[in-house]
Structures are given as structure tokens and as C-alpha cells.
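Read through the structure below, which is laid out as C-alpha cells, and then see the notes.
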Amino acid sequence: MPAARADARGPGKVRRAAPDRRLVQGVIVDLLVHALCLSRPAVPGRPPVLGWPAPSSPPATLPALLAGVLLSGGLAPTPSATKYLHKNMVLTSMLEEMMGSGPRILIAGGGCGGMHTALRLERLLRPGEATVMVADPWSYMTYQPLLAEAAAGNLEPRHVVVPLRGVLRRTQVIKAAVSSLDHAHRVARLTTGDGEDTLAGYDMLVLAPGSISRVLPVPGLAETGIGFSTIGEAIHLRNHVLGRLDAAAAASSAQARRAALTFVFAGGGYAGVEALAELQDMAFDACARYPELSRREMRWILVEAADRILPEVSPAMADYTAALLRRRHIEVRPRTRLVSAEGGRVQLDDGEEFPAGTLVWTAGVAPSPLARQAGLPTDATGRVIVDEFLAVQGADGAWALGDCAAVPDLAAGGGAVCAPTAQHAWRQARLLADNITAVLRGGTPRPYRHASAGSVASLGLYRGVAEVYGLRMRGFPAWLTHRTYHLLKLPTVNRRLRVVSDWMLALLFPREVVSLDVLEHPRRDFQAALRVIATGPSRVAPFPGQEEKEAEHHAYRQ
Ligand SMILES: Cc1cc2nc3c(=O)[nH]c(=O)nc-3n(C[C@H](O)[C@H](O)[C@H](O)COP(=O)(O)OP(=O)(O)OC[C@H]3O[C@@H](n4cnc5c(N)ncnc54)[C@H](O)[C@@H]3O)c2cc1C
């Protein structure tokens, strides 16, 4: 706020500016709100509307009042700071607490579509206009397009997930899965990780549970295969691949060594190709630290049932990618299916059979089963049928978006539906929040229309392939486009800075190639210590699972 300004009555004359009216109003409103809120007992049995705990007793003391005023920005020095604080923090949630919470909007799934819907609703809705709840079994959104880079160790895994409570200030985040829905009665069953069930009523439903791996009944797949769509899988794969190098280096037989160094990926879409290319790149780098191993010994195989990989890009770009992978000694095998993976032996439909220490299943996705379970209308693939406004057909008050929804692709026409991509999920989320707000205010929703911008994929450090608005790129320019595009799409400046700093550090220092597989058995050493006390040091620190195997063996012999 300027200290003085020109007097309207004549040039050259100045007078002290009157205090900004909005600031004065802000302070008065703050004082009133805080006096009311702090002296008001909590509504018994009712949780705070937006995560701001209502006081359980009336602490209307002077220090509490002053702290509240300071916190809410009432004494902030500029109107813009006051406005910012009011908009984003305490005052808004307290106003909502006082004014009632309006209709309840339940968002099932806090991933790309769900989180962005909630974010935009927070921006659009006035205090008290609606209560927004997001239920997700995980308290973060995973930015899947950067998973391959996290698996390869170019990025710290925590930097490719966005904590929901960190970005959603006015939304009630519930860490629980929506295990069933009764939309006729507007009730959802929420199940926590501890197995506890609660029922949550809602007025409007947004279905955004995404997709699951599309699996086939391949013998042995359940025992040996691993998917690639979660941060846990990315971390596991990194540890596993590095662990296989350790196992190969220590193997006592050529057969065990060959098995440990064989890596099979089933499914040649962008998720599979990126994961394979990045992990192979990492394994090649790591190999330099193992004098016992040579890169040539490793076998990396990509099997794809269709006649080409990367259906998301043009055939020319797919051919380029396949040629590039082959130059890196990756066996790209189109028109090939995985028949069996029993006992760690991979069998392909061309008759080849070999032991493999790693099998990654990246053969596409299927929509979450939640829509079908809820009895909402679904298409043949299980995606919930929505109209162009993202409203579920025949289910008043229900909306859906992202991978779980069959959204008409108006840009493509001809009855096509949008592909399951983050590109669509993100844009649909913004439109959906606009449409919900319009409907709540008696307005008219708008249809979803977006012509795909294309695809970008990273194929290891400094290599990529991209097709953006018809422009084809290869190698370094494509890789740079991939990084720039995803950096811009990654939510929050905080995440972007962290990712950039990871990339910068990776330019300066060699990759960290250590397997932290101990993370998967965090209690092992402690339990071993307890056993030493109980039974004496019979053996020294066996590997996870080894003791159980030995116990089984003894039981069998006896
Ligand atoms: C490895 C990989 C790479 C990819 N790369 C790209 C790319 O480069 N470009 C691109 O455009 N797209 C890419 N995609 C696809 C893109 O990530 C998805 O299309 C997008 O995330 C879909 O958004 P969504 O909100 O529908 O689902 P998601 O983002 O998957 O979110 C679904 C959320 O719902 C939660 N959930 C599941 N079940 C329940 C339940 N019962 N109750 C409550 N919550 C539930 C999940 O925990 C998750 O948080 C990639 C996907 C993968 C796996």
C-alpha cells in the first residue's frame, strides 16, 4: 500500500493516504469471525468441515484471539497479502465452518483426474457453497509419466508423487478406498488400510479411480510378474534389477547367472517401452561397477502381441524406436505372446523357453472395477459411460473422468472415446470442476473437446521419441521435449523445483546404483537379533525368507 498518493484536488499537493478500506474491513471481519469461532463450541459428533479442528471448549482468551487474527492475515501489511491469506488459509475454512457446508461432493480417487478436479473446485467454489471430499487408499497422487525415471534413479521417488494434504487446503482428504457405492441412496463405503469400514453420504459423486493392470490368465504370472503403475512398483523394480546384478555376480552356476541377467517385459506401449529403456540404461551404468559382469551377458527382451510397439505414435516413429532399442541390444519381439512364466521359466508362443529373473507386465490397463460394482452403466471394456459433459448417463448426480470413463472424443469424432492418458485426465478434471460449479449455480455445463497433442517418451538418458502436434522428434530433442513437457505438467512449483534439482544433480554426479531391497524387509535384522537372544547364534543373518525355507526343509526331513 503506498504511503501517500496524489490528491485529486490539484497537482503537486499530497496528503496521507486513507487506510485501504478493504484492509480495514478485513480486520473487522477477522475480529468478528475469530471472536465467534473461538467462542463457539464444536458441534458434537461433527468432524471439522475442512480439516480445521473446531475448538472443543470456548477459549475466547485475548492471546488466542490475537493469534487467530495474526494467523488469518488480519494484520497483514498489504491488502494483497490479506486477500491471499484469506483466500487460501484460515478464514475461508472458518467461514465454511460457520456458514454450513453446502452439498457434499465425493471424489473417489485422488489421482491425476481426482486431484485436479478437487484443486479447481477449491478455486471456483465460494465458502460454504459445497464440501469437497477426496477418498483414496493413498494420500498422494502419482505422476505416472515420470515413474520410469524414478525407477531408473534419475528422480527421487518422493518427488514424483504429490501429497494430497499438501496441495488440497479446503478439501477433506480421506485415506481410504471406496470399496462399494450405493448411488441410488448416495452412500459410499470407505475402507481404510486397517480394514475399518465407514459409510459416507454424498450429494454428488465424481468417479476417478483410474485403471488397473490388464492381466491375462498366464500360468505363473501371479507368482513372478510385477506391474508398473505405482510408485511402490517403481521402487521395487529398481531394487530388484540392481539386486539381480548382485545375484549374478555372486552366482555359483552359469545357469543361475544367466537367469539373474535375463529381464523380460511383456507389453510394448509407452509405459513398457519407457520402463524397459530406462531400467536397461541404469543396469548398463551399474554394470561398470561390477568387474565380474559384462554388459553383453545381460538379456533384455520386449515381447508385444501386436505387430508393432508404441501404438500411440506413427508407424515410422515406432520403427525408429524399435531400431534404437535393438541397437542397444534389446530384443524387440513383436507378434509374440508370453505363454507361461511358471517356476521362473518364461515360455513364448514361438516355442522359445528360458529362465528369467525378472518379468514385468506392462500389457495395458483395464478400468477400475468400481463403476461396474456400483451398477453404473459401463461399456464392453468396463469404462463407465459418460456424455460429453462428463455426466454418467442415467445416474443423476454422478460424474466420471480419466482412465475409468468412456468419454466421447469429440475432436476425433466417429464414436471414438478418449484414450486413457494423463493428458485427457488433467483436462477433463478442469472442465468437470467448471461443470459441477455451473450446475450448482443453475448454469449450463460445457462439453469436453480436446485434440490429443501427441506423445513423448524417454528412452534412457538423452534419448527419446516424440510426436507433438504432428511434429516428429528423435534422440536428444525428443528427450528434452519429454522432460520440459512433464516438468510443466507436474503439479506445484515445489515438485518442479525438486525434480529439476534431481536432474541437475544427475548431470553432475554418476547415478546411485545401490539396491535398497532391505526396505522390503524392514524388520529382518531386528527379528534376527531377537532370535539370537532366544536361541543363541546358530547362524549369522540369513537372507529374508531363508529361515522359513530352512524350517520347512527340517520339518520335511523329520
Ligand atoms: C508408467 C506409466 C506411464 C504413463 N505415461 C504417460 C504419459 O507419458 N502421458 C500421458 O498422457 N499418460 C501417461 N500415462 C497414463 C496416465 O498416467 C493416466 O492415464 C492418468 O494417470 C489417469 O488419471 P486417472 O485420474 O484416471 O487415474 P490415476 O491417476 O491412476 O488415479 C486413480 C486414483 O484412484 C485411486 N483409487 C483406485 N481405486 C480406488 C478406490 N476404489 N477408491 C478410491 N480411490 C481409488 C488410486 O489410488 C489413484 O490414486 C502413463 C501411465 C503409466 C502407468
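The values are calculated or read from the model by the stated rules, or taken from the named source; none is laboratory data. These figures come from a predicted structure and were not determined experimentally. All Cβ positions, glycine included, derive from the backbone under ideal geometry; neighbour counts span all protein chains shown.
Just for strands (runs of 3 or more DSSP E) wholly inside region 194-307: which have at least 1 residues that are over 19 Å from the mean Cα position of the chain (by Cα)?
197-201, 204-207, 262-266, 299-303
Any idea which residue in region 330-366 is nearest to Asp319 (Cα to Cα), counting only those that are hydroxyl-bearing (Ser, Thr, Tyr) and part of a loop (DSSP other than H, G, I, E, B)? Reasoning before the result, please.
So the first thing to find is which residues in region 330-366 are hydroxyl-bearing (Ser, Thr, Tyr), and the list is 336, 340, 358, 362.
Those still in the list that are part of a loop (DSSP other than H, G, I, E, B) too: 336, 362.
Values: Thr336: 16, Thr362: 19 Å.
Filtering region 330-366 for residues that are hydroxyl-bearing (Ser, Thr, Tyr) and part of a loop (DSSP other than H, G, I, E, B), the one nearest to Asp319 (Cα to Cα) comes out as Thr336.
Among the listed residues Arg483, Arg496, which satisfies the condition of being outside any strand (DSSP E or B), under 24 Å from the mean Cα position of the chain (by Cα) and either modelled with pLDDT under 90 or within 26 Å of His240 (Cβ to Cβ) (or both)?
Details: Arg496 fails: either modelled with pLDDT under 90 or within 26 Å of His240 (Cβ to Cβ) (or both).
The unique qualifying residue is Arg483.
What are the residue pairs meeting all of these: first residue in region 135-156, first residue closer than 18 Å to Ser213 by Cα, second residue in a strand (DSSP E or B) and more than 6 Å from the ligand (Cβ to nearest atom), Cβ atoms under 6 Å, and 6 or more apart or on different chains?
Going by the 6 Å Cβ cut-off, the qualifying pairs are Met141/Val162; Thr142/Val161.
Can you confirm whether region 120-127 contains a residue that is at pLDDT below 95, over 23 Å from Lys175 (Cβ atoms) and not basic (Lys, Arg)?
Yes, region 120-127 contains at least one residue that is at pLDDT below 95, over 23 Å from Lys175 (Cβ atoms) and not basic (Lys, Arg).
When you check Ala419 against the structure, is it hydrophobic (A, V, I, L, M, F, W, C), surrounded by fewer than 21 Cβ atoms within 10 Å (Cβ to Cβ) and either at pLDDT below 95 or more than 18 Å from Ala208 (Cα to Cα) (or both), yes or no?
yes
Taking the stated definitions as given, is Val161 within 21 Å of Lys489 (Cβ to Cβ) and more than 9 Å from the ligand (Cβ to nearest atom)?
It is true that Val161 is within 21 Å of Lys489 (Cβ to Cβ) and more than 9 Å from the ligand (Cβ to nearest atom).
Any residue at all in region 438-458 that is in contact with a helix residue (DSSP H, G or I) (Cβ under 6 Å, 6 or more places away or on another chain) and at positive phi?
no
For region 133-159, name all the residues that are in a loop (DSSP other than H, G, I, E, B), under 30 Å from Val187 (Cβ atoms) and touching a helix residue (DSSP H, G or I) at 6+ places or on another chain (Cβ under 7 Å).
Selection gives Ser139 alone.
Restricting attention to region 452-461, and to residues there that are at pLDDT below 90 and in a loop (DSSP other than H, G, I, E, B), which single residue is nearest to Thr321 (Cα to Cα)?
Taking the candidates together, the pick is Gly460.
Does Ser211 satisfy the criteria of being out of contact with any Leu (no Cβ under 8 Å at 6 or more places or on another chain) and more than 14 Å from the ligand (Cβ to nearest atom)?
The answer is no for Ser211.
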